[in-house]
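Notes for the one structure printed next.
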Amino acid sequence: MITVSHLTKRFGDRAAVSDLTFSVNPGVVTGFLGPNGSGKSTTMRVILGLIRPTSGSATINGRPYRELEFPMREVGALLDAKAVHPGRSARHHLKSLATANAISAQRVDEVLDIVGLTDVADQRAGKFSLGMSQRLGIAAAILGDPGILMFDEPINGLDPEGIRWIREFFQSLADEGRAVLVSSHLMSEMSLVAERFIIIGRGQLIREGSRDELAKASDQFVFVRTPHRETFKEIAARENWAYREEGETFVLEHVFASEVGEIAFAHQLPLHELSTKSSSLEDLFMKLTADSVEYVGKQRERRKGANR
Amino acid sequence: MSGFLRIFRAEFRKFLTVRSSIIGITVNAALTIGFGALICAVMNQQYTSLSYQERLTFEPVIFSFAGILFGQFAAGVIGAQFITSEFATGAIHTTLAASPRRLTLFAAKAAVLKVVLLVVSAMSVIVSFVVGQALLNGPGVPRAHFSDPGVWRQIILTILYLVLLGLTALAIGFLLRQTAATISVFVVVLLVLPIIDVLLPSSIRDATFKYLPSSLGRAMMSGETAYIYPVFSPWASAGIFVAYVVVLSAVSAYLFQRRDT
Ligand SMILES: Nc1ncnc2c1ncn2[C@@H]1O[C@H](COP(=O)(O)OP(=O)(O)OP(=O)(O)O)[C@@H](O)[C@H]1O
Ligand SMILES: [Mg+2]
């Protein structure tokens with residue numbers, strides 16, 4: 001289990017992560033979501049002991065990563081697929097990692113086979129395509145057969161075939177009882193992969209929950225069409241309904257379709273359409289993170305201005 | 001197996017499995033031996049035209065070690081690249097994920113470099129000596145033998161000098177993290193500092209010159225302590241250089257442990 005507790009990381013006077021608390025549990029794929037620059041990679045680097053937190057902590061099964069004797073047998077991570085010496089072959093790369101963690105040479109052959117790199121195992125890693133590099137990174141992550149896995153934007157740059165492979169792969173890791181944390185800045189990528197979500201913005205936790213919990217929090221919209229538009233507007237004003245117009249259609253929020261139907265009936269207002277649609281997880285994500293995205297945009301502008 | 005030994009073996013494998021280190025070692029040996037041989041051949045041929053003074057200070061061992069001039073930079077490049085190439089490619093993140101105990105990692109890398117440079121330098125220094133002395137075969141040309149007093153000390157301290165230079169570059173590399181910057185600093189210390197020092201007033205020069213790494217190296221290689229400017233004895237020079245490397249490595253390892261990456 002990964003436990004992040006009141007984690008804060010400042011770079012200079014800017015907090016990349018502030019007071020972030022969450023945990024990643026075994027048996028499910030957890031999506032770690034946030035817009036660009038929201039602190040996902042920073043958090044993962046702290047978990048791996050690559051950078052020191054300003055305050056708070058991140059632990060693996062209760063211990064800081066830097067204290068683990070055989071870290072790759074507890075946590076497998078893929079943060080940057082290109083973080084490999086380009087002059088070393090895939091096999092030698094994996095063997096050196098195996099040696100450092102007392103993992104057998106036979107396991108190296110096994111993982112090469114699992115990710116489908118056996119045929120190119122003796123080629124220099126610098127010659128690999130992005131997809132092959134991702135696979136090598138995944139091979140390194142699962143080398144120690146760890147109970148916890150962490151992937152930073154693993155879907156970036158994969159072709160549709162690769163995306164499907166990796167989705168099924170994450171699911172199978174979770175089904176084997178492992179804790180799997182996968183980051184992304186796109187809910188569309190994650191909504192099919194993850195079962196639990198941790199959503200951050202500006203380095204702070206915005207929302208945490210299972211797919212169902214988030215779906216409940218998503219907004220319901222009621223769509224109404226009627227030939228008597230002015231009458232409907234009058235009723236809406238009287239009832240205090242918030243609505244917007246999309247062409248012929250009125251889109252209402254914070255009201256049930258049943259209420260709208262009954263009140264329309266009471267006013268003998270003919271309706272041509274009365275329907276309900278819930279917003280997608282993607283819409284929810286956009287709405288939740290809208291503020292932090294805007295903030296980042298402003299920051300960039302300000303920085304650009306300062307450079308001039 | 002203890003943690004250190006595991007990381008040592010992993011780092012050893014890493015060193016041997018990139019082509020650049022093998023090329024570095026080969027170039028190092030070829031230049032060291034080749035240039036020493038060239039100088040000895042020239043000296044052998046020109047001996048009869050040397051002045052009385054030149055003949056008096058003729059040091060056959062030093063001539064066969066002329067290739068160390070190149071070898072010292074090769075040792076620096078090998079030491080620097082061993083760590084800076086990891087920072088340049090981002091591979092350091094993978095390394096640290098596999099070996100998160102940083103002091104152990106630093107010590108393991110230093111140990112691998114020590115072993116590699118010890119073996120490579122011992123080979124190239126001894127071959128340089130044998131080849132060089134064999135080439136100093138003209139009539140009346142002075143020539144050294146393994147059995148001559150001090151010759152083994154010269155050989156051993158020359159090997160040690162090269163190992164220490166590699167460790168210096170490694171420690172600088174851990175601090176600066178960039179290949180170009182590390183090698184620049186290394187070259188400045190070895191080549192530029194002595195030039196600047198020689199320009200200083202003689203009182204300052206004579207007090208400081210002997211502390212420069214290049215002077216310590218020259219003293220470690222020399223058969224006698226007499227040199228253009230005052231230097232320490234060979235063993236004292238070796239001791240001072242070891243102390244430099246210990247302090248520099250301690251600072252570098254401490255900061256590596258403290259800093260983000
Ligand atoms: N080494 C660093 N020095 C200074 N600022 C940094 C450093 N690393 C990250 N940051 C800043 O911290 C913030 C969070 O960055 P981080 O890379 O963690 O975001 P992210 O969520 O991974 O973004 P993305 O989706 O673009 O990968 C950014 O504003 C970034 O500029
Ligand atoms: Mg990132």
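The values are calculated or read from the model by the stated rules, or taken from the named source; none is laboratory data. This is a predicted model, so every value here is computed, not measured. Heads up, the Cβs are rebuilt from the backbone with ideal geometry, glycines too, and the neighbour counts pull from every protein chain shown. For the accessible areas, the whole protein counts, side chains as well, though only heavy atoms, and no ligand, DNA or RNA atoms are used. Shrake-Rupley method; radii C 1.70, N 1.55, O 1.52, S 1.80 Å.
Overview of values
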quantity: Region B:233-244 - phi-based ³J(HN,Hα) in whole Hz, Karplus 6.51/-1.76/1.60, Gly and Pro as x; calculated: 5, x, 5, 5, 4, 4, x, 5, 5, 4, 4, 3
quantity: Mean separation of Cα contacts under 8 Å (6+ apart) over length of region B:4-124, as relative contact order %; calculated: 46
quantity: Percentage relative contact order, chain A, counting C-alpha pairs under 8 Å, at least six apart; calculated: 21
quantity: Helix-only mean residue ellipticity at 222 nm for chain B, each DSSP H run of n ≥ 4 adding -39500 (n - 2.57), per residue, nearest 500; calculated: -25000 deg cm²/dmol
quantity: Euclidean distance of C-alpha centroids, region A:1-46 and region A:75-146, integer Å; calculated: 26
quantity: Hz values of 3J(HN,Hα) by residue in region B:52-59 - Karplus curve (6.51, -1.76, 1.60), Gly and Pro given as x; calculated: 4, 4, 5, 5, 5, 9, 5, 10
quantity: Residues of region A:218-286: accessible area per residue with a 1.4 Å probe, Å²; calculated: 62
quantity: A:PHE11 - accessible surface, heavy atoms, 1.4 Å probe, Å² rounded to 10; calculated: 100
quantity: Debye intensity ratio I(q)/I(0), log10, the protein assembly as shown, q values 0.05, 0.07, 0.09 Å⁻¹ (C-alpha model); calculated: -0.35, -0.58, -0.81
quantity: Around B:LEU167: net Lys/Arg minus Asp/Glu count, Cβ-Cβ under 13 Å; calculated: +2
quantity: Alpha carbon centroid spacing (whole Å) that separates region B:209-224 from region B:1-66; calculated: 17
quantity: Rounded tilt (10° steps) of A:105-115 against the dominant C-alpha axis of chain A; calculated: 30
quantity: A:SER278 long-range amide H proximity, modeled H, under 5 Å; calculated: A:PHE221
quantity: Charge tally in the Cβ shell below 13 Å around A:LEU269, where Lys, Arg are +1 and Asp, Glu are -1, A:LEU269 excluded; calculated: -1
quantity: Rounded FRET efficiency, nearest 0.05, which uses the C-beta distance separating B:GLN46 from B:ARG258 and R0 of 45 Å; calculated: 0.20
quantity: Using alpha-carbon coordinates, inclination of helix A:90-100 to the longest axis of chain A, degrees; calculated: 80
quantity: Over chain B: Kirkwood hydrodynamic radius from C-alpha pairwise inverse distances, Å; calculated: 19.4
quantity: Cβ neighbours within 10 Å from other chains - mean over A:87-100; calculated: 6
quantity: Peptides ranked, highest mean first, by Cβ atoms within 10 Å: ranges B:230-240, B:58-68, A:231-241; calculated: B:58-68, B:230-240, A:231-241
quantity: A:GLU110 accessible area, assembled protein chains, probe 1.4 Å, Å²; calculated: 80
quantity: Relative contact order of chain B, pairs being alpha-carbon contacts under 8 Å that are 6 or more residues apart, as %; calculated: 24
quantity: Chain B: angle of helix B:102-135 to the longest principal axis, Cα-based, in degrees nearest 10; calculated: 20
quantity: Too-long pairs where the Cα-Cα distance tops 26 Å, listed order kept, from A:LYS9/A:LYS95; A:LYS9/B:LYS114; A:LYS82/B:LYS109; A:LYS82/A:LYS287; calculated: A:LYS9/A:LYS95; A:LYS9/B:LYS114; A:LYS82/A:LYS287
quantity: Residue mean of other protein chain beta carbons inside 10 Å, A:70-77; calculated: 2
quantity: Shielding of B:98-105 by partner chains, average beta-carbon count, 10 Å; calculated: 5
quantity: Order by protection proxy (mean Cβ within 10 Å, highest first), peptides A:181-193, B:77-89, A:63-75; calculated: B:77-89, A:181-193, A:63-75
quantity: Accessible-area ranking of B:ARG19, A:ARG244, A:ARG211, largest first, probe 1.4 Å; calculated: B:ARG19, A:ARG244, A:ARG211
